[in-house]
1. Tally the residues that are part of a loop (DSSP other than H, G, I, E, B), hydroxyl-bearing (Ser, Thr, Tyr) and under 20 Å from residue 8 (Cβ atoms), restricting the search to segment 32-65.
2. Which members of segment 38-64 meet the condition of being closer than 14 Å to residue 24 by Cβ and small (Gly, Ala, Ser)?
3. Could you go through segment 30-39 and let me know if any residue there is out of contact with any helix residue (DSSP H, G or I) (no Cβ under 8 Å at 6 or more places or on another chain), under 15 Å from residue 69 (Cβ atoms) and surrounded by 11 or more Cβ atoms within 10 Å (Cβ to Cβ).
4. Residue 8 - would you say it is small (Gly, Ala, Ser), assigned to a helix (DSSP H, G or I) and under 15 Å from the mean Cα position of the chain (by Cα)?
5. Regarding residue 22, is this residue in contact with a helix residue (DSSP H, G or I) (Cβ under 8 Å, 6 or more places away or on another chain) and under 17 Å from residue 71 (Cβ atoms)?
6. Please go through segment 1-17 and pick out each residue that is more than 12 Å from residue 46 (Cβ to Cβ) and among the hydrophobic types (A, V, I, L, M, F, W, C).
7. Being under 14 Å from the mean Cα position of the chain (by Cα) and hydrophobic (A, V, I, L, M, F, W, C) is the filter here, so list the residues in segment 42-73 that pass it.
8. Taking residue 108 and the conditions (1) assigned to a loop (DSSP other than H, G, I, E, B); (2) surrounded by 12 or more Cβ atoms within 10 Å (Cβ to Cβ); (3) modelled with pLDDT under 60; (4) in contact with a Leu (Cβ under 8 Å, 6 or more places away or on another chain), which numbered condition does it fall short on, given that it satisfies the others?
Amino acid sequence: MPPEERAAYQASMQSIERARDARPAGFNAFWLCGTPNTLEILQYLGFVYYIHDASRDEPFTVAVKGKPFAVVPYSLHMNHIVDDEGRYFSAFRSMVATGRLNSTGCTPNRNIEVT
């Protein structure tokens, strides 16, 4: 298990715990990036799911060290990576997609992602 990758995820978790007084359960990797060790590290740190797999349309589980780990597929056609490209960009849509506003534009969302 690479110590640098684990330390980076731990630092992100600790930031969320300090800010929200809650431990994150899911993981969202930066720009769909990960390593062959990512799932093992996430399981070790207590995560129960991650969202970076575009191979299916419905959630599923994979075995990590003999234990189930949940995968919530990532929709490539409905993500911020495509928006960042600029084709369908609007400031409002970007703020909603990244959780800075809800769809009414009035109330901040309460979702936080670890990247």
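1. 1
2. Listed by number, the list holds a single entry, 46.
3. Of all residues in segment 30-39, those out of contact with any helix residue (DSSP H, G or I) (no Cβ under 8 Å at 6 or more places or on another chain) come to 30, 33-34, 36, 39.
Next, only the ones that are under 15 Å from residue 69 (Cβ atoms) stay: 34, 36, 39.
Filter again for surrounded by 11 or more Cβ atoms within 10 Å (Cβ to Cβ), leaving 34, 39.
Yes.
4. On the way: small (Gly, Ala, Ser): yes; assigned to a helix (DSSP H, G or I): yes; under 15 Å from the mean Cα position of the chain (by Cα): yes.
Spelling it out, residue 8 is indeed small (Gly, Ala, Ser), assigned to a helix (DSSP H, G or I) and under 15 Å from the mean Cα position of the chain (by Cα).
5. On the way: in contact with a helix residue (DSSP H, G or I) (Cβ under 8 Å, 6 or more places away or on another chain): yes; under 17 Å from residue 71 (Cβ atoms): no.
It is false that residue 22 is in contact with a helix residue (DSSP H, G or I) (Cβ under 8 Å, 6 or more places away or on another chain) and under 17 Å from residue 71 (Cβ atoms).
6. Across segment 1-17, the qualifying residues are 1, 7, 8, 11, 16.
7. 42, 47, 48, 51, 54, 70, 71, 72
8. The single condition residue 108 does not satisfy is (2).
The values are calculated or read from the model by the stated rules, or taken from the named source; none is laboratory data. Quantities reported herein were computed from a predicted structural model and do not represent experimental measurements. Don't worry about glycine lacking a Cβ; one is built from the backbone with ideal geometry, like all the others, and counts go over all protein chains shown.
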